[in-house]
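Below: one structure, written as structure tokens.
The values are calculated or read from the model by the stated rules, or taken from the named source; none is laboratory data. None of these values were measured; they are calculated from a predicted model. Here the Cβ positions follow ideal geometry from the backbone for every residue, glycine too, while neighbour counts run over all protein chains shown.
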Amino acid sequence: MPYRSPVSEYKFVLEHVVGFSDVSSTDTYAEATPDTVDAILTEVAKLADEVMAPLNRNGDLDPARLENGVVRTSKGFADGYKAMTEGGWLGLAATPEYGGMGLPQTLSCAVNDFFAASCMSLGLNPLLTQGHIEALEHHAPDWMKDLYLPKLISGEWSGTMNLTEPQAGSDVGALTSKAEPQGDGTYAISGQKIYISWGDHDFGGNICHLVLARLPDAAPGTKGISLFMVPKYIPNEDGSLGEANSLRVVSLEHKLGIHGSPTCVMEYDRATGWLVGEENKGMAAMFTMMNNARLGVGIQGIGIAEGAMQHAIAYAMDRKQGRTPLDGTPEGTGTILDHADVRRMVATMKADTFAARAIALACGVGIDMTAATGDKAWTARAAFLTPIAKAFGTEVGIRVSELGVQIHGGMGFIEETGAAQYSRDVRVTAIYEGTNGIQAMDMVARKMMDGGETANAIIDEIEATAEEARAKLPDLGEAVWQSAETLREATEWMTAQGELNERFAGAVPYLMGFARVLGAHYHLKAALAEGDNGPRTRLARFYITRLLPEHIGHLAHATCGAEDLYALTTDELTA
Ligand SMILES: Cc1cc2nc3c(=O)[nH]c(=O)nc-3n(C[C@H](O)[C@H](O)[C@H](O)COP(=O)(O)OP(=O)(O)OC[C@H]3O[C@@H](n4cnc5c(N)ncnc54)[C@H](O)[C@@H]3O)c2cc1C
């Protein structure tokens, strides 16, 4: 069974679970009517299902390669890219002033979900360009916006982000690339960047690199970093391509997955660059791109979960092994899908994918409401949900694709079925765009500088839904209410820790526990919206009964503090 984008699922979640009507009720996003949303989802789904999904194996088997300093992409990728740009999907959330559609980010989530599920390695290219566009919209000088944005929004040019250097991964402040002012408004950029996704390709047009580098005498650490636009070809004033800039791809990485996405080692040798934002404020500008990309990477995890789940269900419904409890009944399929343990795995895939998607879309709604209203509470909510959407979305992608391999049995370990590709491709999502550990640390430190106010506001909301459910679904309402109370206690513990390492020691389990409870909240909302004991209510019951209890272990782990982590000496750990 080929991949089919989950259009009706999106419509339900937007309408009944994450409050998208708040967004479409604002003046800014008045055009995001249900008809427009329907038309967009349907069109993007067609592209993902019919054009991109057939390219997915090509990317895996015929990776991007470097030939004479130029990246040659996988067979069919250039046509797939062209189809994505022709639909205008890169500019869906971009400003209409420069040719974008000006629609909500939440709808970009759907685009990125369908693209990741159908062909993650190709879908990564427009994902980066979207973040690039947003960074320029907020921080670039007007002349740069005029010259670059129309081309990036149309997809004629693409955008990258260049942070990482061999000694500067999670510790971006350790980067040493240099930017020397040339006295004519330009800067000479020199240094090596590693792991640069889509650092080069053969789709035509320009490749615009946003590069972090240091000015002479800049302060050490993140305070001395500036952001520069460094294009592959220096554009003429009319937007035509001028001379080649002084940069090159040194090599491509050989990776566990996303083989179709060229991951480049880039060398800048006094390349011409232009400042984006203010000198030494590069991290603030890059954060616009990184926040966009963080939600986008969470969505990649969810897209892969969807693809892996559909793939596994199709296999399970075809594979026959042994007798099952449903044999001879009208319900029975006569396949492994009827075995209890396979049911457990499939239901887990479905319930977790729903939870992660609802969390990510709620984050999208927060971002859109921030843009539409400027309300500080929405800003804080979006900022708080971003690391959860990223880390939980990607953990779900990894867990669900793992289950996909398991459901295939031995065939899951055989590359031809494609189950393993989902598992290999999604693995990087927990690593790039800030590892999930770094996301969790951001959540318990920076995102809790308000003393837990935002976290508690979300917990209040969960409890309100649980209260509402008490009459109609008392067992589910009670379990969710109790879980919210446990989460509140863990949150109080976190905010009471003055020493940040105490929080960091439990950051990942805290994030996972929070996500588990939040996922239950959205399942409950879906069940309440459905109104009877339909499939959404039964899925909610599965999640709340079987998966929600994981929060107890996570939150107990979260509140242990750091001391015992250092109880074993380095010698003992390495013995
Ligand atoms: C396929 C791929 C594509 C990528 N694309 C891009 C790109 O387009 N642009 C770009 O700039 N970069 C890109 N990256 C780089 C990516 O963002 C980094 O790999 C990531 O930020 C982690 O850095 P690192 O690999 O140096 O790991 P390290 O920072 O060395 O981390 C190793 C481990 O230590 C942990 N750790 C590190 N610091 C801390 C800390 N302070 N506290 C607790 N734990 C810590 C990490 O969580 C991790 O588990 C890409 C990477 C890959 C693999």
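Tell me, please, whether a residue that is more than 18 Å from the chain's Cα centre (by Cα), under 25 Å from residue 2 (Cβ atoms) and not hydrophobic (A, V, I, L, M, F, W, C) can be found in the stretch 303-310. Looking for residues that are more than 18 Å from the chain's Cα centre (by Cα), under 25 Å from residue 2 (Cβ atoms) and not hydrophobic (A, V, I, L, M, F, W, C), one finds at least one in the stretch 303-310, hence yes. Mind listing just one residue for me: the one in the stretch 194-249 that is of a type in the set (S, T, N, Q) and surrounded by 17 or more Cβ atoms within 10 Å (Cβ to Cβ) and, of those, nearest to the ligand (Cβ to nearest atom)? Within the stretch 194-249, the match that is nearest to the ligand (Cβ to nearest atom) is 197.
Between 477, 451, the distinction of being touching a residue at least 40 places away in the same chain (Cβ under 8 Å) and more than 26 Å from residue 560 (Cα to Cα) belongs to 477 only.
Just the residues that are without any contact (Cβ under 8 Å) to a residue 24 or more places away in the chain and surrounded by fewer than 20 Cβ atoms within 10 Å (Cβ to Cβ), please, taken from the stretch 345-380. Give the derivation first.
From the stretch 345-380, those without any contact (Cβ under 8 Å) to a residue 24 or more places away in the chain are 366, 370, 374-376, 378-379; that's our starting set.
Result: 370, 374, 375, 376, 378, 379.
Among the residues examined, residue 83 does not qualify as under 13 Å from the mean Cα position of the chain (by Cα) and farther than 24 Å from residue 286 by Cβ.
Looking at 113, 200, which one is acidic (Asp, Glu), under 30 Å from residue 308 (Cα atoms) and in contact with a helix residue (DSSP H, G or I) (Cβ under 6 Å, 6 or more places away or on another chain)? Full working, then the answer.
Working: 200 fails: in contact with a helix residue (DSSP H, G or I) (Cβ under 6 Å, 6 or more places away or on another chain).
It is 113.
Among the conditions (1) touching a Pro at 6+ places or on another chain (Cβ under 8 Å); (2) closer than 24 Å to residue 427 by Cα, residue 338 misses just one, which is (2).
Among the residues of the stretch 467-492, what is the count of those that are touching a Phe, Trp or Tyr at 6+ places or on another chain (Cβ under 9 Å), modelled with pLDDT of 95 or more and farther than 29 Å from residue 441 by Cβ?
So in the stretch 467-492, the residues touching a Phe, Trp or Tyr at 6+ places or on another chain (Cβ under 9 Å) come out as 467, 469-470, 487, 490-491.
Among the residues that remain, those that are also modelled with pLDDT of 95 or more are: 467, 469, 487, 490-491.
In the following step, the residues that additionally are farther than 29 Å from residue 441 by Cβ were identified as 467, 469.
Of the residues in that region, 2 qualify.
Return the residue satisfying two criteria in turn: it lies in the stretch 268-304 and is at pLDDT 95 or above and of a type in the set (S, T, N, Q), and of such residues it is nearest to residue 359 (Cα to Cα). The residue in question is 300.
Counting only helices (runs of 4 or more DSSP H) wholly contained in the stretch 490-575, the ones carrying 3 or more residues that are within 18 Å of residue 356 (Cα to Cα) and among the charged types (D, E, K, R) occupy 535-542. For the stretch 390-433, filtering for residues that are within 14 Å of the ligand (Cβ to nearest atom) and within 20 Å of residue 558 (Cα to Cα) leaves 5. In the stretch 174-251, counting only strands (runs of 3 or more DSSP E) that sit wholly within it, the ones holding 1 or more residues that are touching a Phe, Trp or Tyr at 6+ places or on another chain (Cβ under 7 Å) span 178-181, 187-197, 207-213, 226-231, 241-244.
The residue of the stretch 1-23 that is nearest to residue 87 (Cα to Cα), among those that are among the small types (Gly, Ala, Ser) and surrounded by fewer than 21 Cβ atoms within 10 Å (Cβ to Cβ), is 8. Considering 177, 154, 158, 170, the condition of being more than 15 Å from the ligand (Cβ to nearest atom) and hydroxyl-bearing (Ser, Thr, Tyr) is satisfied by 154 alone.
Does residue 294 qualify as being basic (Lys, Arg) and either touching a residue at least 12 places away in the same chain (Cβ under 8 Å) or within 30 Å of residue 178 (Cα to Cα) (or both)? In short, yes. Does residue 159 qualify as being surrounded by 22 or more Cβ atoms within 10 Å (Cβ to Cβ), outside any strand (DSSP E or B) and within 22 Å of the chain's Cα centre (by Cα)? No: the conditions fail for residue 159.
Consider only pairs whose beta carbons are under 7 Å apart and that are at least six residues apart or on different chains; among these, list those whose first residue lies in the stretch 44-72 and is touching a residue at least 12 places away in the same chain (Cβ under 8 Å) and whose second residue is surrounded by fewer than 21 Cβ atoms within 10 Å (Cβ to Cβ) and among the hydroxyl-bearing types (Ser, Thr, Tyr). Every condition considered, the pairs that remain are 66/251.
Take the residues of the stretch 250-272 that are among the aliphatic types (A, V, I, L, M) and in contact with a Cys (Cβ under 8 Å, 6 or more places away or on another chain): which is farthest from the ligand (Cβ to nearest atom)?
So the first thing to find is which residues in the stretch 250-272 are among the aliphatic types (A, V, I, L, M), and the list is 250, 252, 256, 258, 265-266, 271.
Next, only the ones that are in contact with a Cys (Cβ under 8 Å, 6 or more places away or on another chain) stay: 250, 252.
Working: 250: 15, 252: 11 Å.
Ranking the qualifying residues of the stretch 250-272, first place goes to 250.
What do you reckon, is residue 50 exposed (fewer than 14 other Cβ atoms within 10 Å of the Cβ) and either within 26 Å of residue 375 (Cα to Cα) or among the charged types (D, E, K, R) (or both)? Explain how you work it out, then say what you get.
Working: exposed (fewer than 14 other Cβ atoms within 10 Å of the Cβ): yes; either within 26 Å of residue 375 (Cα to Cα) or among the charged types (D, E, K, R) (or both): yes.
Criteria met by residue 50.
Take the residues in the stretch 474-531 that are among the small types (Gly, Ala, Ser) and within 16 Å of the ligand (Cβ to nearest atom), then tell me which one is surrounded by the fewest Cβ atoms within 10 Å (Cβ to Cβ). In this case the residue turns out to be 505. When residue 467 is tested against (1) in a loop (DSSP other than H, G, I, E, B); (2) on the phi < 0 side of the Ramachandran plot, exactly one condition is not met: (1).
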